[in-house]
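*Asks:* Take this structure, written in structure tokens, and hold onto it; I'll ask about it next.
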Amino acid sequence: MRGSAPRLWSVSHARILGLVETPPTRGKAPQIVPSRDGLYLAGDIDRSALEELRRCLASLGQVKGDVHLHLGDVTFIDVAGATEIARLASHLGPDDGLVLHDPPDELRRVLDLMFGVPKNIRVVSS
């Protein structure tokens, strides 16, 4: 219809239909939610979410065992967010690891370029 707004698909719908691998646009409000094994992150993880991200990641530094970050619904993450994730990995115990579930490509690239992907970070794709 002329003059009507285009239908917006959710990221989940677009992924199910095979239309996109990652969300096509930015601007989604950040979500940082504790999960049973770590954190679930979604939306844009940028400067507006940095303090909350730091607080939540700091609380995970005392956890024994692997810490899981579920990142499949992250639409964007900036260098500051990637730095906080690398910082968490460096504060984990020697036998503990950080498991990144479905991280966005830019996070993987930034970690590799800036930190050489610390040995205790493992990437899992579903």
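The values are calculated or read from the model by the stated rules, or taken from the named source; none is laboratory data. Just so you know, these numbers come straight off a predicted model, no measurement behind them. Neighbour counts are summed over all protein chains in view; Cβ atoms, including those assigned to glycine, are modelled from backbone coordinates with ideal geometry.
*Asks:* Exactly one condition in (1) at pLDDT 90 or above; (2) in contact with a strand residue (DSSP E or B) (Cβ under 9 Å, 6 or more places away or on another chain); (3) of a type outside the set (D, E) is not met by S35; state its number.
*Replies:* Answer for S35: the failing condition is (1).
*Asks:* Moving on to the next point. Which residues, counting only those in segment 48-80, are over 17 Å from P34 (Cβ atoms) and either surrounded by fewer than 16 Cβ atoms within 10 Å (Cβ to Cβ) or without any contact (Cβ under 8 Å) to a residue 60 or more places away in the chain (or both)?
*Replies:* S48, L50, F76, I77, D78, V79, A80
*Asks:* Further question: Take segment 90-109 and flag every residue that is assigned to a helix (DSSP H, G or I) and either charged (D, E, K, R) or modelled with pLDDT under 90 (or both).
*Replies:* Passing the criteria: S90, H91, D105, E106, R108, R109.
*Asks:* A further question on this structure: Return a yes/no flag: does segment 44-67 have any residue that is touching an Asp or Glu at 6+ places or on another chain (Cβ under 6 Å) and in a strand (DSSP E or B).
*Replies:* Scanning segment 44-67, I find no residue that is touching an Asp or Glu at 6+ places or on another chain (Cβ under 6 Å) and in a strand (DSSP E or B), so the answer is no.
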